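Colleague: One structure, pasted below without further comment.
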Amino acid sequence: MYHIISISVIILIIVYLLCRGESKEQFALGKNYSIRYNNSDKNVEIYNIVSKIVGDKVSGLKFNGIDSYMRIPDISLNKYTLTFIIKFDNVNKSQTLISNGWELMTDKGLLTVVYKNETVVLEKTILPNEFVQIAVMVANNDITLFLDGIQLTKTFKNKIPSGDILIGKGSFKGIIGEIALFTEIKNTKELCD
């Protein structure tokens, strides 16, 4: 009798240890979360998302600042535009927004891209608890940052890598929504429309 209980407890512990890792959230039964991709949708993976926010002005995902993130798989593009609406709980804390061999971060309310010991900072301050639009345009060695109509381009020494894009991984706390990925470089007018 005690052997059966002991074996049952061991099995429960093993199942718990195997299942306690990252939990993939799915808001629609049997489907991945999707983002806008050109004129269609692209399936993405979301992990440890606090909740889905649906509002009159913006819909998005609530990230917890610890282990919430989104993975956009299979990005093998030489050029693209990634755009989204974002609201920070705290802009004074350093937070990683995007990583893809390079990182888009905020520090003291400023957007910063870091890639292989090179840095570019967009000198426009982001305020806490306000929605802003951010876009990143990547083409070969160039990264262009866009923040609510202000734009800055940096040409890096090395070609920007392609691959999976991670959004919010590790430290972002707030809401990200209206995420869209385009296989072309969008201009300011197109981003503002």
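The values are calculated or read from the model by the stated rules, or taken from the named source; none is laboratory data. Everything numeric in this text was worked out from a predicted model, so none of it was measured. Positions of Cβ are backbone-derived with ideal geometry, glycine not excepted, and every protein chain shown enters the neighbour counts. These area figures cover heavy atoms from the full protein model, side chains too; ligands, DNA and RNA do not enter into them. Shrake-Rupley method; radii C 1.70, N 1.55, O 1.52, S 1.80 Å.
Colleague: Among the residues of the range 104-117, is any under 24 Å from SER34 (Cβ atoms) and either within 15 Å of the chain's Cα centre (by Cα) or in contact (Cβ under 8 Å) with a residue 60 or more places away in the chain (or both)?
Modeller: Looking for residues that are under 24 Å from SER34 (Cβ atoms) and either within 15 Å of the chain's Cα centre (by Cα) or in contact (Cβ under 8 Å) with a residue 60 or more places away in the chain (or both), one finds at least one in the range 104-117, hence yes.
Colleague: Right, something else. Within the range 57-84, work out how many residues are among the polar types (S, T, N, Q), in contact with a strand residue (DSSP E or B) (Cβ under 8 Å, 6 or more places away or on another chain) and farther than 23 Å from GLY174 by Cβ.
Modeller: 1
Colleague: Another question, if that's okay. Name every residue in the range 92-115 that is open to solvent by 10 Å² or more (accessible area, probe 1.4 Å) and of a type in the set (A, V, I, L, M, F, W, C), in order of residue number.
Modeller: MET105, LEU110, VAL114 - these are the residues of the range 92-115 that are open to solvent by 10 Å² or more (accessible area, probe 1.4 Å) and of a type in the set (A, V, I, L, M, F, W, C).
Colleague: Moving on to the next point. Considering ILE134, ILE150, which residue is under 20 Å from LYS42 (Cβ atoms), of a type in the set (Val, Ile, Thr) and either without any contact (Cβ under 8 Å) to a residue 60 or more places away in the chain or surrounded by 16 or more Cβ atoms within 10 Å (Cβ to Cβ) (or both)?
Modeller: ILE134
Colleague: Only residues that are surrounded by fewer than 19 Cβ atoms within 10 Å (Cβ to Cβ), in contact (Cβ under 8 Å) with a residue 60 or more places away in the chain and not in a strand (DSSP E or B): list them for the range 175-190, please.
Modeller: THR183, GLU184, ILE185
Colleague: For the range 32-84, what are the residues that are open to solvent by 50 Å² or more (accessible area, probe 1.4 Å), assigned to a loop (DSSP other than H, G, I, E, B) and either aromatic (Phe, Trp, Tyr) or out of contact with any Phe, Trp or Tyr (no Cβ under 8 Å at 6 or more places or on another chain) (or both)?
Modeller: Within the range 32-84, ASN32, ASN39, ASP56, ILE66, ASP74, SER76, ASN78 qualify.
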